[in-house]
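Participant: Structure below; questions to follow.
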Amino acid sequence: MLLLLTLQKISATDAALCTAVRAALFPPDWLSFEFTKERDPYRPPCMEPNWDPNTPLPVGSPVHLRLVQRLTCTNHTLKTVVGDLLYTLSGEDAGELVRLVGLGSAAGWLSERGMFSAFQQTAQAS
């Protein structure tokens, strides 16, 4: 957890390092992904339609999948730290966070921060 906190603080203070951390954690297809009307907004980008964040990931799964999965874990501290890191890597933009991890994974964290209703209003306006 200390590593995640360190990454979050570094990313928050240095834009170049934030870009580097983001590129290191997320594959290019996730970073370039765009939602369409046919796409399930609750599912993270590039994931199969039957993806379940509560199913254990296989050994050797990429870090970005592990981080997305931690947004729905029962360890509140871990969930908060991961959410803070991903929000920072998203340029502190709730819409970008949802685009990267899916609405299902981001909803709880956004709600705890009081940003869910603002995100909904922004999404409805666009």
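What follows is calculated from the coordinates using simple rules that are stated; it is not laboratory data. Bear in mind that the values here come from a model prediction, so they are computed numbers and not experimental data. With ideal geometry, Cβ positions are generated from the backbone for all residues, glycine too; neighbour counts draw on all protein chains shown.
Participant: What is the order of V68, V63, fewest Cβ neighbours within 10 Å to most? Could you put the intermediate results ahead of the total?
Facilitator: Values: V68 26, V63 10.
Final ranking by Cβ density, sparse to dense: V63, V68.
Participant: Taking the alpha-carbon centroid of each part, what is the distance from segment 4-37 to segment 56-70 in angstrom?
Facilitator: Here the two parts' Cα centres lie 16 Å apart.
Participant: I'd like the Karplus ³J(HN,Hα) series for segment 83-93: coefficients 6.51, -1.76, 1.60, θ = phi - 60°, whole numbers in Hz, and an x wherever there's a Gly or Pro.
Facilitator: Per residue, the Karplus-derived 3J(HN,Hα) values read x, 4, 4, 5, 5, 4, 5, 8, x, 6, 10 Hz.
Participant: For a Förster distance of 35 Å, can you work out the FRET efficiency between the beta-carbons of A24 and S111, rounded to the nearest 0.05?
Facilitator: Here the calculated transfer efficiency is 0.80.
Participant: For segment 17-23, take each phi angle, set θ = phi - 60°, evaluate the Karplus expression 6.51 cos²θ - 1.76 cosθ + 1.60, and give the result in whole Hz per residue in order, putting x for glycine and proline.
Facilitator: For segment 17-23, the Karplus curve yields 5, 4, 4, 5, 5, 4, 5 Hz.
Participant: What FRET efficiency would be calculated for the residue pair T13, S61, taking the C-beta separation as r and a Förster radius of 35 Å, to the nearest 0.05? Working shown, then result.
Facilitator: Values: r = 29 Å, r/R0 = 0.84.
That pair, T13 with S61, gives E of 0.75.
Participant: Let me ask something else about it. For F116, F26, what's the fewest-to-most ordering of other Cβ within 10 Å of each Cβ?
Facilitator: F116, F26
Participant: Residue separation times 0.36 nm, minus the C-alpha to C-alpha distance between L4 and D52: what's the value?
Facilitator: 14.9 nm
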